Structures are given as structure tokens and as C-alpha cells.
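Asker: Please see the structure below; I have some questions.
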Amino acid sequence: MVVNNDKYKKVRQWRDDHIGNHLSNNDELNQFHHKIMNKVLKIAIDELKEKFGDPPSEFSWFVMGSGGRLEQAIVSDQDHGLVYERNDVRSKTYFHALGNEITKGLYLTGYLYCEGNVMCSNPLWCRSMEEWQAQINKWMEEKSWESIRYILIFYDARPLIGNDQFVRGLKQIIYQYIKKYPYFLNRLLKNTMRIQKGIGFFGQFLTETHGIHTGSINIKNYGFFPYVNVVRFLSIKENLQVTSTLARFEQLSQLPSYKQLNRHQMNFKRLLDYRLMNSQQKDNYGDIHYLNIQKMNGKQKTELKQILRDAALFQQCIQNSILKGS
């Protein structure tokens, strides 16, 4: 509908005009993203009400990925899903239409489509509560790498509107399954096994050697992934409901089994700071995690080297600890 497309484009213009005022820190930037997504949701829901009336049942729309973890950069793609209460034809038709509208609206507002199609326009991520329960149980019973990946993606789900108890209840299925079948933790752990070190044997940065990012280092692979993946794994193990990596660090540090996490928590915060500083000069989603080492001063290089060393060591220590106890 052209009228609604114009409304989305106005939100996009508002976003472009004001995002520069919300770059002082990661929290402020993510609260700004939150406002944009809420504007999109209002337009999309109003569109569905105009066409088909009120929603036929309660529902919840949730974000995942960096949005779920409150770790979005200036440029961000889409990762989201939808769960609705009733498992009937009218609800399926209504909420699939809403899922398509939300996905389109977010795209017109400046959020790239997810390459993996993890969006509520995809029926896999737009289901009734009953269907979601069956799907999560199926993922846990399957042996495929993809099913494990979907479980991990879903665990970052953060409800933005609607009944947040829907998502909480679905996550409890995962926790209860692990209590019954503890070996499932090892299957989750294998997904985090690959350790990529950003620092070489002689203490040098392992930068890209060809292409447009030559001389730059990918802090997503060498810094963010080790922390995000391992802390998410521990959160599943301990049944933590918070979704941001920093909040997960905070809650884990209160448990007897996890002490001395403060350094790693601060390291992750610094990685967010480095990315935010770097992304202010870039508008391409694929570029924001590449830091040009030549543009960093000596203090920054020393700090970043230590952070990347710590990230790899943290990942290795947690894996060894879990495997030893299994």
C-alpha cells in the first residue's frame, strides 16, 4: 500500500536525521533502534487492523540476533519472529500477513533483510504457540547443525510488543529438556568449539591479507563471537532470561560457579565501543566489524590485542571446564 510505504519512508527519514544524536554509547543507540522498530510496528499493526480488524488472539513479536541482545550497530539487518496464541486458520492468515507487513516496513525504514531469512515473513518464524512448542522440541530432537543453530538464535529472543510470557514459556521448554537430557548441553557446546585467534604466535594482529579489508581485523569473528557464543551457552545452562551479553555477564557473576568475569565483561563493552567508533565512518553492514589497524594509536592496539587474547582464552577455559565435568 503506497500510503503506508510513505509512512515507513518518513520513519526512515526521521531515523537518518536523528541517529547522529544517539551515538555516545551502545545503550543509547539501541534504545534509538527500539524507538524506530516500535514506530514500524505501529504502522504495520494499524494497517492490518484497517484491512482485517483487530488481531484474532494475543501475540508477541520478538527480535533476535544483535537486536535481541541489545547490541545493534548503526547499520543492522533484521532478525525477528512472531508467536500467536490460537492455532486456527484465521490467526495463521492474519499473523502471516502481519509478519510480511512488519518485514517490509523494517526494510523500508533501513533494516536489511536477513540473509538467513530469520524474519517473521518466513512461516518458520511466525507460528502459533502450539506450533512453536512442537518446533522447538523438534529442533532439540534433531541431530543437524542447523537445528542447534536455530535453538541458539531463538534463545536471544527479546519480546518487543505483546505478551512476553509466550517467549519466556518457550525458552523454558529448552531448559526443561536440558534438565532431563543433560547431554544436550554438549551438542550446544560443539557449536561454540571453533576458536579463532586474532593474535598470531609472535603477537601480531591477524589482519585480512586481500580484498577491500586488507590490513583490517574482523573483531566480530575474533572478539564478539567468542564472548557472545560462550555467554549465551552459559545462560542456557543456568536458565537466565536476560538477553544482552553484558546483562548475562552480570547475572553469571552472581552465581558461585562463575567468578572473576568482570574483566571479560569490560572487554566486551570495549568491543562495543570500538565498533561504534568505527561504524560512524561507514554505512555498509559488511564493513562495520573491520577495524583498520593502521588508524589505531599505540594504546588502542595494545588494548585490543589483550581483549582478543582474553576472548580466545575465555572460550577455551569454559569449554575445557564443561567438557571435564561432562
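Asker: Is there a residue in segment 131-146 that is among the hydroxyl-bearing types (S, T, Y), surrounded by 14 or more Cβ atoms within 10 Å (Cβ to Cβ) and in the same structural domain as L41 (by TED's automatic domain parsing)?
Answerer: No, there is no match, as no residue in segment 131-146 is among the hydroxyl-bearing types (S, T, Y), surrounded by 14 or more Cβ atoms within 10 Å (Cβ to Cβ) and in the same structural domain as L41 (by TED's automatic domain parsing).
Asker: Can you name every residue in segment 103-119 that is touching a Phe, Trp or Tyr at 6+ places or on another chain (Cβ under 7 Å) and either touching a residue at least 60 places away in the same chain (Cβ under 8 Å) or surrounded by 23 or more Cβ atoms within 10 Å (Cβ to Cβ) (or both)? Outline the logic, then answer.
Answerer: Going residue by residue through segment 103-119, those that are touching a Phe, Trp or Tyr at 6+ places or on another chain (Cβ under 7 Å) are 105, 107-109, 112-113, 118-119.
Selection gives G105, L108, T109, L112, M119.
Asker: Another question about this same structure. If you scan segment 146-180, which residues turn out to be under 18 Å from the mean Cα position of the chain (by Cα) and not in a helix (DSSP H, G or I)?
Answerer: Matches in segment 146-180: D156, A157, R158, P159, L160, I161, D164.
Asker: Exactly one condition in (1) assigned to a helix (DSSP H, G or I); (2) over 18 Å from N25 (Cβ atoms); (3) modelled with pLDDT under 90 is false for N278; which is it?
Answerer: In the conditions (1) assigned to a helix (DSSP H, G or I); (2) over 18 Å from N25 (Cβ atoms); (3) modelled with pLDDT under 90, N278 misses (2) alone.
Asker: Then there's this: List pairs: first in segment 237-257 and within 16 Å of D164 (Cα to Cα), second exposed (fewer than 15 other Cβ atoms within 10 Å of the Cβ) and at pLDDT 95 or above, Cβ under 8 Å, 6+ apart or cross-chain?
Answerer: Partner pairs satisfying both residue conditions: Q241/R168.
Asker: Could you tell me whether any residue of segment 60-73 is in the same structural domain as C120 (by TED's automatic domain parsing), of a type outside the set (S, T, Y) and surrounded by fewer than 19 Cβ atoms within 10 Å (Cβ to Cβ)?
Answerer: No - not one qualifying residue is present in segment 60-73.
Asker: Could you tell me which residue of segment 240-262 is nearest to the chain's Cα centre (by Cα), considering only residues that are surrounded by 12 or more Cβ atoms within 10 Å (Cβ to Cβ) and in a helix (DSSP H, G or I)?
Answerer: Across segment 240-262, the extreme among qualifying residues is T245.
Asker: Looking at segment 156-173, is at least one residue surrounded by 19 or more Cβ atoms within 10 Å (Cβ to Cβ) and without any contact (Cβ under 8 Å) to a residue 60 or more places away in the chain?
Answerer: Looking through segment 156-173, none of the residues is surrounded by 19 or more Cβ atoms within 10 Å (Cβ to Cβ) and without any contact (Cβ under 8 Å) to a residue 60 or more places away in the chain.
Asker: Could you run through segment 26-56 and say how many residues are outside any helix (DSSP H, G or I), in contact (Cβ under 8 Å) with a residue 24 or more places away in the chain and surrounded by fewer than 17 Cβ atoms within 10 Å (Cβ to Cβ)?
Answerer: Number satisfying all stated conditions: 0.
Asker: Filter segment 275-295 down to residues that are over 17 Å from the mean Cα position of the chain (by Cα), surrounded by fewer than 19 Cβ atoms within 10 Å (Cβ to Cβ) and in contact (Cβ under 8 Å) with a residue 12 or more places away in the chain, then give me how many there are. Show your work before the answer.
Answerer: Our first condition is that a residue be over 17 Å from the mean Cα position of the chain (by Cα); within segment 275-295, this holds for 277-284, 287, 290-295.
Now restrict to residues that are surrounded by fewer than 19 Cβ atoms within 10 Å (Cβ to Cβ): 277, 280-284, 287, 292-295.
Retained after the next criterion (residues that are in contact (Cβ under 8 Å) with a residue 12 or more places away in the chain): 280, 282-284, 287, 292-294.
The total comes to 8.
Asker: Got a sec? Which of G81, G65, G105, G99 is on the phi > 0 side of the Ramachandran plot and modelled with pLDDT of 95 or more?
Answerer: G65
Asker: Within segment 121-129, can one find any residue that is over 17 Å from the mean Cα position of the chain (by Cα), within 26 Å of V75 (Cα to Cα) and among the hydrophobic types (A, V, I, L, M, F, W, C)?
Answerer: Yes; the residues of segment 121-129 include at least one that is over 17 Å from the mean Cα position of the chain (by Cα), within 26 Å of V75 (Cα to Cα) and among the hydrophobic types (A, V, I, L, M, F, W, C).
Asker: Can you run down the residue pairs with Cβ atoms below 7 Å, 6 or more apart or on separate chains, where the first is in segment 10-21 and in the same structural domain as L106 (by TED's automatic domain parsing) and the partner is in a helix (DSSP H, G or I)?
Answerer: These pairs meet every condition: V11/I36; V11/K39; V11/V40; R12/L108; R15/I36; I19/F32.
The values are calculated or read from the model by the stated rules, or taken from the named source; none is laboratory data. All of these numbers come straight from a predicted model, not from anything done at the bench. Using ideal geometry, Cβ is built from the backbone for each residue, glycine included, and neighbour counts are taken over all protein chains shown.
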